[in-house]
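K.L.:
Take a look at the following structure, please.
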Amino acid sequence: MTCHLIKNLKQAKMKRKNLLLPLLFVISFMTHAQVNQHKAFYQGKISSVEHVSSMLSRPNDLVPPDNSVREAKDKRSLGNKVVSGKDPQTEDDYFIRNRHEQEQSMQRAPASLVFDTYSSNSSPTDPSLAIGPNHVMVVFNTGFMIYDKSGNQLLGETSPNPAIFPSGGCCDLTVSYDNAADRWVLSFLGSGAQVAVSDGPNPLTAGWYVYNISTISDYQKLSVWSDGYYLTDNTASSNKLWILERDVMLTGGSGAQILGFNLPGIVTSGFYSPQVLNVTDGNLPAPGGATIVYLQDDAWSGVSQDHIKVWTANVNWSSPGSSTVSSPQQINTTPFIGVFDNGSFSNLTQPGGGVPIDALQATIMNQAQFRKFATHNSALFNFVVDTDASSGKLAGIRWYEFRQSGDNQPWSLYQEGTYTAPNGKHAWNASLAMDGQGNIGMGYTSMSGPSTSATVRVSSYFTGRLSSDPLGTMTSTEQVIANGTADISGNRYGDYSKIDVDPSDDASFWFINEYINGSRKGVVGKFQIQAGTADTEAPTNPTNLVASNITGSGATLNWTASTDNVGVTLYNISIDGNPVGSSATTTFNATGLSPLTTYTAAVTAQDAAGNVSGSASVSFTTTAANVNYCSSASTNVNDEYISNVQLNTINNNSNAQFYSDFTSISTDLNEGATYTITVTPTWTGITYSEGYAVWIDYNNNGNFNDSGELVWSKSPSTDTPNSGTFTVPSGTSKTSVRMRVSMKYNDTPTSCETFTYGEVEDYTINLGTGSSVRSNEKALQAFTEATNKNINMYPIPAKSRLTIDVLEHDLDEITIFASSGAIVKKVDPSKGSHTIDTSQLMSGMYFVRFVSKRLATTKRFIKQ
């Protein structure tokens, strides 16, 4: 026994000694490194996901929205805080004093379609819209409507709960169309934020994956990016950016991750409204580089010069702890006056003695937009400024285009301007976007200003510019969409408007705004900003498509260029009918292919107007794979080793080996699906801290160095077992590849090292597109069926008591919500039967959400 004790003490001593070297290195590195990347303050998963069947299959759930008279009490209602007299206005806006001769000089076509939509008593109504291939979806504070593209109503004013959101909620309803995925994405407040993702492009016949994120509270605006859905949040003075795992949410997965960041260095006026750039079309940038913008006004405390702050977020869902948001880049701008009436809401006097209404100051207006072109990427955004140095006020729109040379490159100011409406009218509450040709369309609100002779009520207008126009100018003359008939009651107005680009032609702008036409309504206008007749001529077909440099995992495609009456913008490449990328040249490298497989590649040409040619195609067969992996092993398993690995159908017990080749053991993993890996250590004596890492060679190129191939890691600990989740990305090689599992004493292992204590094991993973969506749907369906069978609620309607009986079901959460989304009561999920006192509840509809392992279903009851 004495000898055994001495041996263990010697081993422990040696290990402690070896620990000093990396520790000294870390201390030295931290002393000299300059931190400009900031880690997430929150890492977690969505609270729950529930599948809701199509609206047309549930006609009884399509109920009218709450149309009671109300004024929003969001964080905007708290007003703005500025330093009085810090930035006095001594002269008119620079761009007014230096107006370009071509500003508002070009007459263009009027709106081709105008129609009134919802009528609401909310103040403001928060209008928004999104355009899909065949539908227009309009949302407002408490409801939504659906139209075809001729303006015909397909669904009247409908409450979002329970039509889409089954657990209640209220207000700040927003909508986006994820063009790359052909899905609708809605966000809604209610017991946190709720995000609904459709499972198809028709909002009437599609089902919905409804996610609840309890950590998000107010003023969320959702933006679509390649690696996530991004939201901003203003909560109790904590300025937050939230990122949701888009790929998993598109499949209905319950393992969707969420990251929360603070934006370092931001200064606000008391209200927090930065915007994350939203991808306008379906041409997504490379992952990473999601960009957040916010104005910094030198009238605010802590700001010495007017400028725009820019942050970029880089997400790694395989290793979320390594995700970062950058320190801000400061882009100086022409000075502006962004403060009205020392930050109050009573700003712009309506004609005829109406109540002064909100200019929406200190706010990046909905929605900051991103667009990729062959030679650069563009970002567009705007906010309101006071352009008049006199004692009066004249609202104008300061707008910007930033550019970067390519994905994940630095941003710089390309052009800026200040737009004012003609005849001395105010212009504000704007939204702008860019079409496929690089033309800009901008919708906005206007009404009589201090010097306007005519009476113009709050009305909706548009202007714009061609991509070839002089920088900083909106050359289009003002065009009316619809004139209001009366003043806005109360000082709250709009909160925002929204413009969207029609994916069908990539040239038509759709703009929604708020005005009075008999009552408080939304009005939609469709228009184009074109140089003469719209370009409808497609490029010629590419020719002479050939495949060369064929390997076991890829090939090089070359073709003869197409011609076009204006010019070819890019070429779209597909493999076996699935889009795999685009190219601005006549060459494309196809990667991630499987060995000994025949593929058909096709190439089409596309011009700036979105016209697409016919295709050229070629078939080729990949060669046999020649994949050689680096070696990795330990040299000592006397003290610890891996005794079990579990992943999907793998459940492998093993004994101590320096390296174990278990590549004869495999399991099937599908793109978009989420899985849990579990590694169990065994110690022969003393329990030591072990670090873990797991890699999957997704692209089958013989190494684990590519982004995302480190699927899970864990810092040293004495935990057992050790588990983590990961989601298989899209675009894998869809073949059999290597998975490496490594455990190393007191350090996190790397993929190709030899180390002293621990073990390395290799397995085989069979990758496929499979049915991650179908499997997630089945899981949700099975859970819903089980809860319907095993959970009973009675009596309905309830008067003084409601009984909930739970039979044979393992629940994590039972929560009762009011129709507003407010939590009424949390019920102990461990008990099988519950008697709820409902005597004090107000009459109306209530919702009960049942959650198990983040899968959710909702039942409802009526309180009489």
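K.L.:
Step by step: first the residues of the stretch 410-434, then only those that are polar (S, T, N, Q) and touching a residue at least 40 places away in the same chain (Cβ under 8 Å), then the one that is farthest from Pro351 (Cα to Cα). Which residue is that?
P.N.:
Ser412
K.L.:
Out of everything in the stretch 282-292 that is surrounded by fewer than 24 Cβ atoms within 10 Å (Cβ to Cβ) and among the hydrophobic types (A, V, I, L, M, F, W, C), what residue ends up being modelled with the lowest pLDDT?
P.N.:
Looking at the filtered set, the residue picked out is Ala286.
K.L.:
Is at least one residue of the stretch 601-608 in a loop (DSSP other than H, G, I, E, B), of a type in the set (A, V, I, L, M, F, W, C) and either outside the structural domain of Asn699 (by TED's automatic domain parsing) or touching a residue at least 24 places away in the same chain (Cβ under 8 Å) (or both)?
P.N.:
Checked the stretch 601-608: at least one residue is in a loop (DSSP other than H, G, I, E, B), of a type in the set (A, V, I, L, M, F, W, C) and either outside the structural domain of Asn699 (by TED's automatic domain parsing) or touching a residue at least 24 places away in the same chain (Cβ under 8 Å) (or both).
K.L.:
So, Pro201, is that one outside any loop (DSSP other than H, G, I, E, B), surrounded by fewer than 24 Cβ atoms within 10 Å (Cβ to Cβ) and modelled with pLDDT under 95 or not?
P.N.:
No; evaluated as a whole, the condition is false for this residue.
K.L.:
Quick check, is Asn517 touching an Asp or Glu at 6+ places or on another chain (Cβ under 8 Å) and surrounded by fewer than 17 Cβ atoms within 10 Å (Cβ to Cβ)?
P.N.:
Here the answer is no, as Asn517 does not meet what is asked.
K.L.:
Report yes if Asn766 is over 32 Å from the mean Cα position of the chain (by Cα) and outside the structural domain of Pro162 (by TED's automatic domain parsing), otherwise no. Break it down into steps so the answer makes sense when it comes.
P.N.:
On the way: over 32 Å from the mean Cα position of the chain (by Cα): no; outside the structural domain of Pro162 (by TED's automatic domain parsing): yes.
Criteria not met by Asn766.
K.L.:
Quick check: anything in the stretch 593-600 assigned to a strand (DSSP E or B) and either under 29 Å from the mean Cα position of the chain (by Cα) or aromatic (Phe, Trp, Tyr) (or both)?
P.N.:
Yes, the conditions are met somewhere in the stretch 593-600.
K.L.:
Sticking with this one: Kindly provide the set of residues from the stretch 293-320 that are among the acidic types (Asp, Glu) and surrounded by 22 or more Cβ atoms within 10 Å (Cβ to Cβ), ordered by number.
P.N.:
Listed by number, the list holds a single entry, Asp297.
K.L.:
Another question, then. Return the residue satisfying two criteria in turn: it lies in the stretch 457-490 and is of a type in the set (A, V, I, L, M, F, W, C) and farther than 12 Å from Ala421 by Cα, and of such residues it is surrounded by the most Cβ atoms within 10 Å (Cβ to Cβ).
P.N.:
Out of the qualifying residues, it is Val458.
K.L.:
Is it the case that the stretch 846-853 has a residue that's at pLDDT below 90, surrounded by 13 or more Cβ atoms within 10 Å (Cβ to Cβ) and closer than 30 Å to Ala633 by Cα?
P.N.:
no
K.L.:
Taking the condition of being part of a loop (DSSP other than H, G, I, E, B) and either surrounded by fewer than 24 Cβ atoms within 10 Å (Cβ to Cβ) or not aliphatic (A, V, I, L, M) (or both), how many residues in the stretch 722-764 meet it?
P.N.:
Of the residues in the stretch 722-764, 15 are part of a loop (DSSP other than H, G, I, E, B) and either surrounded by fewer than 24 Cβ atoms within 10 Å (Cβ to Cβ) or not aliphatic (A, V, I, L, M) (or both).
K.L.:
State whether one or more residues within the stretch 623-637 are in contact with a Cys (Cβ under 9 Å, 6 or more places away or on another chain) and within 19 Å of Asn746 (Cα to Cα).
P.N.:
yes
K.L.:
Please list, ordered by residue number, the strands (runs of 3 or more DSSP E) wholly in the stretch 352-407 having 2 or more residues that are farther than 19 Å from Phe511 by Cβ.
P.N.:
Output list reads 377-386, 395-404.
K.L.:
Still on this structure, please answer the following. Counting only residues that are of a type in the set (A, V, I, L, M, F, W, C) and modelled with pLDDT of 95 or more, which one in the stretch 502-528 is farthest from Gly132 (Cα to Cα)?
P.N.:
Within the stretch 502-528, the match that is farthest from Gly132 (Cα to Cα) is Ile516.
K.L.:
What strands (runs of 3 or more DSSP E) completely inside the stretch 777-864 contain at least 2 residues that are among the aliphatic types (A, V, I, L, M) and outside the structural domain of Ser254 (by TED's automatic domain parsing)?
P.N.:
Answer list for the stretch 777-864: 791-794, 801-806, 813-818, 823-827, 844-852, 855-863.
K.L.:
Separate question: Which ones in the stretch 794-818 are among the polar types (S, T, N, Q) and touching a residue at least 60 places away in the same chain (Cβ under 8 Å)?
P.N.:
Thr815
K.L.:
Continuing with the same structure: Within the stretch 451-499, work out how many residues are closer than 15 Å to Ala359 by Cα and in contact with a helix residue (DSSP H, G or I) (Cβ under 7 Å, 6 or more places away or on another chain).
P.N.:
Final tally of qualifying residues: 1.
K.L.:
Identify all residues within the stretch 80-133 that are β-branched (Val, Ile, Thr), closer than 30 Å to Leu471 by Cα and surrounded by 21 or more Cβ atoms within 10 Å (Cβ to Cβ); write none if there are none.
P.N.:
Residue satisfying the conditions is Ile131 alone.
K.L.:
Identify, from the list Asn429, Asn382, the residue that is under 19 Å from Asp93 (Cα atoms) and touching a Ser or Thr at 6+ places or on another chain (Cβ under 6 Å). Walk me through it before giving the result.
P.N.:
Details: Asn382 fails: touching a Ser or Thr at 6+ places or on another chain (Cβ under 6 Å).
Asn429 is the lone residue from the list that is under 19 Å from Asp93 (Cα atoms) and touching a Ser or Thr at 6+ places or on another chain (Cβ under 6 Å).
K.L.:
Might you check whether a residue that is within 33 Å of the chain's Cα centre (by Cα), in the same structural domain as Thr720 (by TED's automatic domain parsing), among the small types (Gly, Ala, Ser) and at pLDDT 90 or above occurs anywhere in the stretch 744-757?
P.N.:
So in the stretch 744-757, the residues within 33 Å of the chain's Cα centre (by Cα) come out as 748-751.
Narrowing further to those that are in the same structural domain as Thr720 (by TED's automatic domain parsing): 748-751.
After this cut, where a residue has to be among the small types (Gly, Ala, Ser) as well, the list is 751.
Checking the rest, the ones that are also at pLDDT 90 or above come to 751.
Yes, the stretch 744-757 contains at least one residue that is within 33 Å of the chain's Cα centre (by Cα), in the same structural domain as Thr720 (by TED's automatic domain parsing), among the small types (Gly, Ala, Ser) and at pLDDT 90 or above.
The values are calculated or read from the model by the stated rules, or taken from the named source; none is laboratory data. All of these numbers come straight from a predicted model, not from anything done at the bench. We place every Cβ from the backbone using ideal geometry, glycine too, and count neighbours over all the protein chains shown.
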